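Everything below concerns the one structure shown next.
The values are calculated or read from the model by the stated rules, or taken from the named source; none is laboratory data. Quick caveat: nothing in here was measured; it's all calculated off a predicted structure. In this analysis, Cβ positions are derived from the backbone assuming ideal geometry, glycine residues included, and neighbour counts consider all displayed protein chains.
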């Protein structure tokens, strides 16, 4: 099991007495209770869910838990968003996502989506969260024979990896990101 502490650099570090664990596809994220929105807020402290609710002009499909989303799902629908508007439904929580079904183009209105990726010159595919403001990827995972592989599982891969976005980003196809180091969970535009 991996443990990731998600801190927003613009906010003070959380008091250990005021955090709660959030289990996300085998990862436990420890985040401040007052700032938890599926473990994600942007650098202005705005929740992803608030942004998606305000500007959702795209269509979405049936939600799935992160544990049930496979690379086949990303090959069919390369853009997924947090299903935070459904977390009150029975059996769902803040770890569920839903596919964007009517476009393969990430625009600014699709805030903090998970996108499908192809590793250049390999047969590997993966996913990562795309940050609209910085143009970077984070929370990078690759798909292996036994399911999703986190950075700690990739020690034998030769870095840097060149990740090609499966959806277009703001109308640009085949956007390339460079993941320089397995110890970093950030990939920047190439």
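If I filter segment 99-108 for residues that are under 19 Å from residue 65 (Cα atoms), at pLDDT 95 or above and buried (at least 16 other Cβ atoms within 10 Å of the Cβ), do I get at least one hit? Within segment 99-108, one or more residues are under 19 Å from residue 65 (Cα atoms), at pLDDT 95 or above and buried (at least 16 other Cβ atoms within 10 Å of the Cβ). Inspect segment 40-57 for any residue being in a strand (DSSP E or B), surrounded by fewer than 20 Cβ atoms within 10 Å (Cβ to Cβ) and modelled with pLDDT of 95 or more and give the result as yes or no. Within segment 40-57, none of the residues are in a strand (DSSP E or B), surrounded by fewer than 20 Cβ atoms within 10 Å (Cβ to Cβ) and modelled with pLDDT of 95 or more.
Checking each residue in segment 70-93 for being touching a residue at least 40 places away in the same chain (Cβ under 8 Å) and under 25 Å from residue 149 (Cβ atoms) picks out 70, 71, 74, 75, 78, 79, 80, 82.
Within segment 94-123, the set of residues being free of Cβ contacts under 8 Å to residues at least 60 places away in the same chain and in a strand (DSSP E or B) comprises 96, 97, 98, 99, 100, 114, 115, 116, 118, 119.
Looking only at residues of segment 138-162 that are surrounded by 19 or more Cβ atoms within 10 Å (Cβ to Cβ) and part of a strand (DSSP E or B), we find that the one that is farthest from the chain's Cα centre (by Cα) is 161. A single entry from 132, 123 fulfils the requirement of being over 16 Å from the mean Cα position of the chain (by Cα) and modelled with pLDDT under 95: 123.
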